[in-house]
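Asks: Sharing a structure with you now.
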Amino acid sequence: AEVAIFLRVAFASWHHLPFFMEAVDGNGQRVYFGHFGIRTADGRYGRMANFKTAYNDYSEMADAIKAGEASWPSDATLAGRGIPGASDDSQPMIGPNAKAGAYFDHVFLNKRVGYFLLMNLVYFGSINLADPVNTFHIAPESTRAGDTLLHRWQRRGIGHVMIVMEADRLGEGDELQMEATVASGSMPRRQPLWESPASSKGQFTNRYAGGPEYVEFNGGLKRWRIAENINGRWTNVVSQDFGDDFISASERPRLAERPGQYETLLTEIAPEDRLDAMAAIVEQHREHLRLYPASCVARNNRENAFDELYAAGADMGLSREDIDAQYRLLEDYVFAALEYGESKTCCWNSSTSDMHQLVVDYNRELAEQPVCQEPVVFKARDDGGDGYELFREYADSVGKGDLWVDWSADENCPQVNGWVEDVLQERHVTPWCEFQNEPSEPGSHSFHNNQTIPIPDNDPEGIRSPIEVDVVGEVRAVEIDLYISHTYNGDLLINLIKDGIAVEVYNGSGPGNDVLLIDHEVHGFEGIDAAGTWELEVIDRMAIDEGELEEWSLHLEVR
């Protein structure tokens with residue numbers, strides 16, 4: 001939702017257009033956030049600032065800045081601020097202590113917009129984009145770039161929002177087909193990820209996009225209303241230009257048809273391409289969970305991608321068990337999907353990558369027991385404490401208790417009232433121990449390269465560190481672990497390469513720490529010959545920061 005709101009506010013600001021969103025606060029009072037500030041119908045809302053007098057607008061400097069005759073003006077107060085209550089809006093590419101305010105200070109000459117966004121992104125989310133007073137429903141055949149696609153599975157609380165980046169029409173009338181792509185992120189906390197046509201189709205056809213059982217939550221394809229001055233009051237209306245595209249929120253049967261219509265409207269994707277695209281989406285959500293392991297949205301979206309994997313696999317004669325055996329990792333079981341409205345973990349935004357590692361380490365030790373035990377899910381339990389005593393005690397036992405962050409309600413969390421224990425979603429997933437109790441394939445082999453190699457700064461060639469494997473057989477599974485010291489690991493791109501196959505291991509998605517530790521499975525090499533040269537490629541794509549590959553290991557299951 002933050003991406004959609006940021007882009008719409010930026011567009012209105014740069015083109016000097018009126019804009020506002022409205023909502024109802026906890027006291028039932030209607031509130032308006034827009035170009036006139038933050039107001040009610042009667043005046044300023046609470047103690048909100050008078051933007052016109054409190055903050056500066058340097059828009060008149062634009063031409064001089066373009067011509068090189070003036071420097072970009074900075075608002076030091078704005079640059080020093082973050083999104084109120086946020087713990088994850090750091091902007092390390094700007095500076096070590098920079099937060100969202102610094103980003104907005106770099107983007108907007110009109111500093112009022114930066115201050116506005118700091119507040120807007122706190123108060124507004126996907127529930128407000130679903131509200132018909134701010135957006136309206138669009139017919140599938142009218143899809144165009146700039147529209148928003150909402151996944152809503154509940155009346156209140158968060159959902160998932162994507163921006164339509166491209167919508168190309170292929171044919172017209174009865175022959176109409178389209179190819180559309182979407183992007184999603186958490187601006188400016190996480191830069192948007194632009195998805196492929198194959199994975200984007202899965203987002204349009206997802207049942208949460210206003211399907212029959214979820215149509216009441218106002219998800220699906222939406223377009224922004226525009227602000228017009230009617231009789232002296234700003235009013236959000238549906239532009240006359242979009243009259244033929246409009247679907248009323250009351251036309252639920254018509255709205256519920258849209259996910260199914262996209263099945264045929266969007267171009268057909270080959271099952272193999274769909275499989276690859278959905279596997280990539282699964283990994284993207286895993287990467288998010290590795291940073292924020294409490295994220296219920298990432299858990300839920302990973303499982304939605306698995307549903308698409310099952311569907312693509314079925315077209316290729318693969319069962320759900322086949323897909324689970326090929327694509328599921330231990331961490332998918334550990335960070336299983338939770339019922340958002342019945343799980344306090346879902347309100348916790350301040351969980352960390354260190355916590356993810358501790359939870360995974362606990363389960364890996366559990367997996368080493370002689371008799372297989374199902375993984376212990378990271379969720380709140382009725383343990384007499386805050387629900388996480390099991391993992392907190394493990395962190396203490398391995399000397400890392402200082403890395404465990406206490407639970408906090410970082411967003412609206414009504415499910416805490418009357419809470420007993422988090423509730424798992426009902427998902428038909430092959431039990432972990434069914435895989436572990438299969439007859440073991442011959443050959444678990446580990447290889448190591450401890451040669452320290454400097455990583456050249458801002459060099460697209462990077463370095464390659466080889467490991468020679470002399471084991472004969474077919475690869476069943478691959479896992480790597482590596483240790484890199486680097487003053488900003490967000491600059492790095494890391495690939496594992498074998499026989500012309502290059503699989504991305506890391507793409508600057510972590511925080512800017514001085515140490516990068518990676519330990520996880522890598523998919524894409526299943527079925528190839530194990531013997532030969534395996535290479536770890538490390539590329540530093542940005543200037544200034546430097547580091548070294550200290551060591552890395554390759555672990556193969558070979559049959």
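Asks: Quick one: pull the percent of accessible area on region 385-475 belonging to carbon and sulfur, 1.4 Å probe, ligands and nucleic acids left out.
Replies: On the way: 2710 of 5610 Å².
Exposed carbon and sulfur together represent 48 percent of the surface.
Asks: Find the accessible area per residue for region 15-134; the probe is 1.4 Å, ligands and nucleic acids are left out, and the unit is Å².
Replies: Here the residues of region 15-134 average 52 Å² of exposed surface.
Asks: Taking 0.36 nm per intervening residue step and subtracting the Cα-Cα distance, what contour gain separates residue 57 from residue 544 on full extension?
Replies: Here the answer is 172.1 nm.
Asks: Follow-up question, since we're still on this one. For region 454-559, what is the accessible area per residue in Å² when the probe is 1.4 Å?
Replies: On a per-residue basis, region 454-559 sits at 44 Å².
Asks: Gap in Å between the Cα centre of region 16-79 and the Cα centre of region 136-190?
Replies: 28
Asks: Figure the gain on full extension for residue 72 and residue 502 (residue separation times 0.36 nm, minus the Cα-Cα span) and round it to one decimal in nm.
Replies: Result: 150.7 nm gained on full extension.
Asks: Skipping prolines and chain starts, which residues have an amide H placed within reach, meaning under 5 Å, of the one on residue 506, given they are 5 or more residues away or on another chain?
Replies: Sorted by chain and number, the residues that satisfy this are 494.
Asks: Testing the spin-label approximation: label points 7 Å from Cα along Cα→Cβ at residue 287 and residue 419. State their distance in nm.
Replies: In this crude label model, residue 287 to residue 419 measures out at 3.0 nm.
Asks: By the scheme Lys and Arg +1, Asp and Glu -1, what is the net charge of all other residues having a beta-carbon under 13 Å from that of residue 182?
Replies: It works out to a net charge of -1.
Asks: Here's another thing I want to ask about it. Tally Lys/Arg at +1 and Asp/Glu at -1 over every other residue whose Cβ is under 11 Å from the Cβ of residue 323; what's the total?
Replies: Details: positive: 320, 328; negative: 307, 308, 321, 322, 324.
Combined, the nearby Lys, Arg, Asp and Glu give -3.
Asks: Check every DSSP H run in the chain and write down those whose alpha carbon atoms cover 15 angstrom or more along the long axis and whose mean Kyte-Doolittle hydropathy is 0.0 or greater. List each step's numbers first, then the result.
Replies: Details: long enough: 2-14 (18 Å, 1.38); 111-123 (19 Å, 0.74); 271-291 (31 Å, -0.72); 296-315 (29 Å, -0.64); 353-367 (21 Å, -0.51).
For the chain, where a helix must reach 15 Å along its axis and average at least 0.0, the hits are 2-14, 111-123.
Asks: Another question about this same structure. Probe radius 1.4 Å, ligands and nucleic acids left out: which of 224, 552 has the largest accessible area, and how do the rest follow?
Replies: On the way: 224 25, 552 0 Å².
Greatest to least solvent exposure: 224, 552.
Asks: Here is a follow-up. First measure r as the distance between the Cβ atoms of residue 142 and residue 367, then evaluate 1/(1 + (r/R0)^6) with R0 = 51 Å and state the FRET efficiency to the nearest 0.05.
Replies: The value I calculate is 0.50.
Asks: Also, quick follow-up: In whole Hz, what ³J(HN,Hα) sequence does region 524-538 give by Karplus (6.51, -1.76, 1.60; θ = phi - 60°), x for Gly and Pro?
Replies: x, 10, 4, x, 7, 5, 6, 5, x, 9, 9, 10, 9, 9, 10
Asks: While we're on this one: Tell me the relative contact order for region 1-135 as a rounded percent, counting alpha carbon contacts under 8 Å between residues six or more apart.
Replies: 22 percent.
Asks: Just from its helices, what would the mean residue ellipticity at 222 nm be for the chain, if runs of 4 or more DSSP H residues each count -39500 (n - 2.57) and the sum is divided by every residue, rounded to the nearest 500 deg cm²/dmol?
Replies: Details: 17 runs with 157 residues, N = 559.
Helix-only estimate at 222 nm: -8000 deg cm²/dmol.
The values are calculated or read from the model by the stated rules, or taken from the named source; none is laboratory data. Just so it is clear, the model here is predicted, and its values are computed rather than measured. No Cβ is skipped: glycine too gets one built from the backbone with ideal geometry, and neighbour counts run over all protein chains shown. The accessibility values were calculated without ligands, DNA or RNA, using every heavy atom of the protein model including side chains. Shrake-Rupley method; radii C 1.70, N 1.55, O 1.52, S 1.80 Å.
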